[in-house]
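Notes follow the structure.
The values are calculated or read from the model by the stated rules, or taken from the named source; none is laboratory data. Since we're looking at a predicted model, the values are computed, not measured. Note: ideal-geometry Cβ built from the backbone for every residue, glycine included; neighbour counts use all protein chains shown.
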């Protein structure tokens, strides 16, 4: 098995481990789902301007649903795990590298969400409890890596759109991808190609996402954990972009 295949499979095994922990603990599942839903709502608020922008709305929606969404990607992951060696042989190396980034992001996010879920002390989740759970979880390096991966995936998709032959190759792969059970991956890749291609250059969009996500992470680590003090000392204004 190739190094890429082993890496992707290892990441998927990390994701599966997190899912099994939640299946075995219904309360943990509920809390993690609350974290994911809250983060989804947070992204909508943080990027309301981009979601309403003619040029960037489609890309912002792609990030919201495919990278930040609370959706269940079990089917897509199961497809990956079954045919990882075939995936590496079938898809061009540029696509395999992008899938590798996606797998790492998926695993990192799932692990952080589980830890956040365990740190949540009460539901329903609000901004104060989310800040407290975020700070209790810590993991600054993992949070930084999470943002790096999101941006790297966006940059990769943007590069791919400048290679018409790669897009045509991906189109020709629909039938074989479906035949080996990779239709969900095919859908994700084609959606990414079409989204970033229609944007006509992603540098500004990705710059905005990178800046806001890093500022938000820094602010969340810096805010006081005490519920009463959070609003009084929010000099960054970050809470205005967080759901109640």
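Things to note:
- For segment 38-61, filtered to residues that are over 21 Å from residue 243 (Cβ atoms) and in contact (Cβ under 8 Å) with a residue 24 or more places away in the chain, the residue that is surrounded by the fewest Cβ atoms within 10 Å (Cβ to Cβ) is 55.
- Some residue of segment 80-88 being part of a helix (DSSP H, G or I), more than 17 Å from the chain's Cα centre (by Cα), free of Cβ contacts under 8 Å to residues at least 12 places away in the same chain and on the phi < 0 side of the Ramachandran plot: no
- Residue that is farthest from the chain's Cα centre (by Cα) [pool: residues in segment 207-227 that are more than 20 Å from residue 56 (Cβ to Cβ) and assigned to a helix (DSSP H, G or I)]: 227
- Single condition residue 167 does not satisfy, out of (1) more than 20 Å from residue 11 (Cβ to Cβ); (2) under 20 Å from the mean Cα position of the chain (by Cα); (3) crowded, with 16+ Cβ neighbours inside 10 Å: (2)
- In segment 192-206, the qualifying residues are those that are assigned to a helix (DSSP H, G or I), surrounded by fewer than 16 Cβ atoms within 10 Å (Cβ to Cβ) and touching a helix residue (DSSP H, G or I) at 6+ places or on another chain (Cβ under 9 Å), and the one that is modelled with the highest pLDDT is 203.
- Options 178, 118, 174; residue that is modelled with pLDDT of 85 or more and out of contact with any strand residue (DSSP E or B) (no Cβ under 6 Å at 6 or more places or on another chain): 118
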